[in-house]
Amino acid sequence: MSIYVDGTTRLLVQGITGREGTFHTGHMVEYGTNVVAGVTPGKGGQRVHGVPVYDTVAEAVAETDANCSLIYVPARFCADAVLESADAGIPLVITITEQVPVHDMIRVTTALQARGTTMIGPNCPGLISPGSAKVGIIPGSICTPGPVGLVSRSGTLTYEVLFALTTRGIGQTTAVGIGGDPVQGTKFIDVLAAFEADPATKAIVMIGEIGGSDEEAAAAYVAEHVGKPVIGFVAGQTAPAGKQMGHAGAIISGGSGTAAGKIAAFENAGISVARHPDEIAELVAERLGAG
Amino acid sequence: MNLYEYQAKQLFGLHGIPIKEGRVARTAAEARDIASSLGGPVVVKAQVHTGGRGKAGGVKLASGSDEAESIAAKILGMDIKGHRVGQVLVDPAVDIDSEFYLACVLDRGARRILIMASGEGGVDIEQVAAETPERITSVHVDPGLGLQSYQARRLAYGVLHALPDARRPAFAAVLRDFQHVVAQLYETCVEEDATLAEINPLVITTDGQMLALDGKVTIDDSALFRQQELASLRDAGVETGAERQAREAGLSYVDLDGSIGCLVNGAGLAMATMDVIKFFGGEPANFLDIGGGAQADKVAEALRIILADARVNSVLINIFGGITRGDEVARGILAALEQLDTDVPFVVRIEGTNAEEGRAILADAAMNTATTLAEGAQLAIRLADERKQGQSQEVVA
């Protein structure tokens, strides 16, 4: 079992003929993801790694029944690409593109609510349900099927933790990267709810970072609604205030959004907090053993 | 990207928000000329990207051009919370009746722009929010519909009803002007791709005019491709040399005070690497994210920036390959070392895509390697301490 993507996922890749789109489509096809279509305006009729390319998403959906879209288009065309998928009836859109204007994402997330479309991202590594579907850029080789659900605002820090879990023989149901931007399509709470409802997920790893208050909201949600063991980590304990730490959303402003505040919220909610990344897999093993 | 007060107010002016016609000066003589062309008393205001200017002596009233010149001479070059004052705004002095607060801010949780208004102007709004939240009125704007008239009215009446009786008549007389300013500030926020557009204080003058007296605007860096004019306002002076060099090379870098340089791919992992160093008793010298898919030349540039910092006594390189390939990073490290001729020790930890190839390249060069992040951090701390001790011994000898 898994959340968001699995063997029934019929994936469409927007921006499939670009450098990143082509490269990662190759890896996804190789992993066994059912990539049914690609879209690049003006390149309809071509094939990328055997996947047919269409000029518009509507055409691609009509031909292939795609039910999930993955976006690699440049930032300035990103909002348009998300809306194109939503209007073609695709219920799940994963946006890898980074440096998308915040006001574009304010408009898009509001529009998606009315259409019932879920977006994950932007500025995220996508997600993977080991053994059935890899949608995005998380390397398949560091994952293995198993009982842990993982949700994170980071990319490579997520790989680090997946690798540590897999090395210890602890597999994953799904790993979800929700992205490092201030305005996200999917938040910690949404993913926590999905993991809590997924019978195969026995423990949840949540990796946050400085900036905003989504970790605090997630902690309150865990205390109220999550019965499964949750293991947490917050990156940026040494980050100075007022400086953006790489991710657009990773900034301590006016004393709020600090790692200390988030860690305290996690601990108050009964979440096991790792002091550094190497401890995460240890804590997961402990909590799974105890559960 | 933060704008200076004078830039923020120019932007407000372009969007129809009333401002004073002051100008910015970089020398005391310029301040004198501006004051004399404005005539009458002026306010000389330090232009820095930090609050608390008034308390630090960076805002002063001058009776005329002579005094404006002498005050500007004192304020220019002043250090306010680590920011050197390079320019002052010379604005006509205003007789203030009362002060208000108005801002459009990004509400990350709600994924919308939040407009906040209060009769408590000229003070720290976060303090007001914490102590007397009932004095703040706010509305969220639906981005598809835009700001509605009723929302501007709600803000106006919310502020009015929270005011003490004595202050109500002056504000009641400009209720419509206030609603106009609300609409124009929201327009500024959306059209200029701002994540913060704040007027603090918004004042009513003794002759009943509404005026934006001070302003703060933060532009979304991701939108600068379509805000070319604003992009040109970036003041390279607020970045350190290393930060500017990094930005131009497409690297994400923040200067810190420690002795262990960090080179990492990915922002979250870069922060976590700093945290691990601190956890084991060391101090990171910087945050540096080389980004995804970095090529060898970018890695070499990153190392040049780190090693230019004389406080750096060791460098921890932590790469988890996804898009980034371990062998590319390894080649970048060797390329940089050939040119740099440094005695600063390196600890390299590479995992993920092409990690084995990367490790093999580095093993040939007799580099310190680590398999886990914790191990790498501890080794980097030890090597930094050893180098520091070695240097102090040299000094003693």
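The values are calculated or read from the model by the stated rules, or taken from the named source; none is laboratory data. Keep in mind that what you see is a predicted model, and the values were worked out from it rather than measured. As a convention, Cβ positions derive from the backbone with ideal geometry for all residues, glycine included, and neighbour counts pool all protein chains shown.
When you scan segment B:180-196, how many residues do you find that are within 12 Å of chain A (Cβ to nearest Cβ) and of a type in the set (A, V, I, L, M)? Number of matching residues: 3. Only one of the numbered conditions (1) within 21 Å of the chain's Cα centre (by Cα); (2) in a helix (DSSP H, G or I); (3) of a type outside the set (D, E, K, R) is violated by A:A250, and that is (2). What about A:T158, is it among the polar types (S, T, N, Q) and under 11 Å from the mean Cα position of the chain (by Cα)? Answer is yes for this residue.
For A:K202, the conditions (1) within 26 Å of B:V105 (Cα to Cα); (2) surrounded by fewer than 20 Cβ atoms within 10 Å (Cβ to Cβ); (3) charged (D, E, K, R) all hold with the exception of (1). Annotation: of all residues in segment A:140-155 being within 12 Å of another protein chain (Cβ to nearest Cβ) and under 13 Å from the mean Cα position of the chain (by Cα), the one that is farthest from A:V191 (Cα to Cα) is A:G155.
If you check B:V24, B:V85, B:V48 for being within 14 Å of chain A (Cβ to nearest Cβ), farther than 30 Å from B:P143 by Cβ and of a type in the set (A, V, I, L, M), only one passes: B:V48. Check whether at least one residue in segment A:175-184 is within 13 Å of A:G146 (Cβ to Cβ) and either modelled with pLDDT of 95 or more or crowded, with 24+ Cβ neighbours inside 10 Å (or both), and report yes or no. Yes. The residues listed here are B:L185, B:L196, B:L211; of these, the one that is buried (at least 21 other Cβ atoms within 10 Å of the Cβ) and either part of a loop (DSSP other than H, G, I, E, B) or modelled with pLDDT of 95 or more (or both) is B:L185. No other residue among A:R168, A:R107, A:R115, A:R153 is of a type in the set (K, R), touching a residue at least 24 places away in the same chain (Cβ under 8 Å) and in contact with a Gly (Cβ under 6 Å, 6 or more places away or on another chain) apart from A:R153. Scanning segment B:120-143 for residues that are surrounded by fewer than 16 Cβ atoms within 10 Å (Cβ to Cβ) and modelled with pLDDT of 95 or more gives B:H140, B:D142.
Applying the condition of being part of a loop (DSSP other than H, G, I, E, B) and of a type in the set (V, I, T) to segment A:197-236 and asking which residue is nearest to the other protein chains (Cβ to nearest Cβ) yields A:I210. Any residue at all in segment B:244-265 that is farther than 17 Å from B:V312 by Cβ, within 9 Å of chain A (Cβ to nearest Cβ) and without any contact (Cβ under 8 Å) to a residue 12 or more places away in the chain? No; the residues of segment B:244-265 include none that is farther than 17 Å from B:V312 by Cβ, within 9 Å of chain A (Cβ to nearest Cβ) and without any contact (Cβ under 8 Å) to a residue 12 or more places away in the chain.
Among residues of segment A:237-260 that are more than 7 Å from chain B (Cβ to nearest Cβ), those with a beta-carbon under 6 Å from a residue that is at pLDDT below 85 at least six positions away or on a different chain give the pairs A:A241/A:I252; A:T258/A:I252. Assessment of segment B:111-128 against the conditions (within 14 Å of chain A (Cβ to nearest Cβ), of a type in the set (D, E) and free of Cβ contacts under 8 Å to residues at least 24 places away in the same chain) yields at least one matching residue. Here B:P169 fulfils each of the conditions (1) crowded, with 19+ Cβ neighbours inside 10 Å; (2) more than 14 Å from B:I17 (Cβ to Cβ) apart from (1).
Name the single residue that is farthest from B:V264 (Cα to Cα) among those in segment A:156-183 being at the interface with chain B (Cβ under 10 Å from one of its Cβ atoms) and of a type in the set (D, E, K, R). It comes out as A:D181.
Of B:Q227, B:Q148, all but one fail to be farther than 25 Å from B:D95 by Cβ, within 32 Å of the chain's Cα centre (by Cα) and surrounded by fewer than 14 Cβ atoms within 10 Å (Cβ to Cβ); the exception is B:Q148.
Against the conditions (1) more than 13 Å from chain B (Cβ to nearest Cβ); (2) in contact with a helix residue (DSSP H, G or I) (Cβ under 9 Å, 6 or more places away or on another chain); (3) modelled with pLDDT of 95 or more, A:G136 satisfies every one except (1). If you go through segment B:214-224 and keep only what is part of a loop (DSSP other than H, G, I, E, B) and under 15 Å from the mean Cα position of the chain (by Cα), you end up with just B:D220.
Would you mind stating whether A:T186 is under 16 Å from A:V205 (Cβ atoms) and either in a loop (DSSP other than H, G, I, E, B) or more than 9 Å from chain B (Cβ to nearest Cβ) (or both)? Answer is no for this residue.
Taking the criterion of being surrounded by fewer than 24 Cβ atoms within 10 Å (Cβ to Cβ), under 21 Å from the mean Cα position of the chain (by Cα) and in a helix (DSSP H, G or I), the residues of segment B:233-280 that qualify are B:A236, B:G237, B:V238, B:G241, B:A242, B:E243, B:R244, B:Q245, B:R247, B:E248. Here is the figure for segment B:360-381: residues that are over 20 Å from B:I277 (Cβ atoms) and surrounded by 17 or more Cβ atoms within 10 Å (Cβ to Cβ) total 2.
Taking the criterion of being crowded, with 18+ Cβ neighbours inside 10 Å and under 25 Å from the mean Cα position of the chain (by Cα), the only residue of segment B:310-324 that qualifies is B:V312. There is at least one residue in segment B:47-66 that is touching a strand residue (DSSP E or B) at 6+ places or on another chain (Cβ under 9 Å) and in contact (Cβ under 8 Å) with a residue 60 or more places away in the chain. Number of residues in segment A:120-146 that are of a type in the set (S, T, Y) and assigned to a loop (DSSP other than H, G, I, E, B): the value is 2. The strands (runs of 3 or more DSSP E) located wholly in segment B:1-119 that include 2 or more residues which are surrounded by fewer than 22 Cβ atoms within 10 Å (Cβ to Cβ) and touching a helix residue (DSSP H, G or I) at 6+ places or on another chain (Cβ under 9 Å) occupy B:23-25, B:59-62, B:96-107, B:112-118. Among the residues here, B:A212 qualifies as of a type in the set (A, V, I, L, M) and more than 14 Å from chain A (Cβ to nearest Cβ). If I filter segment B:345-359 down to residues being touching a Lys or Arg at 6+ places or on another chain (Cβ under 7 Å) and under 16 Å from B:G266 (Cα atoms), which single residue comes out as surrounded by the most Cβ atoms within 10 Å (Cβ to Cβ)? The residue in question is B:I350. Only one entry in B:A129, B:A103 is under 22 Å from B:F171 (Cα atoms), small (G, A, S) and touching an Asp or Glu at 6+ places or on another chain (Cβ under 8 Å), namely B:A103.
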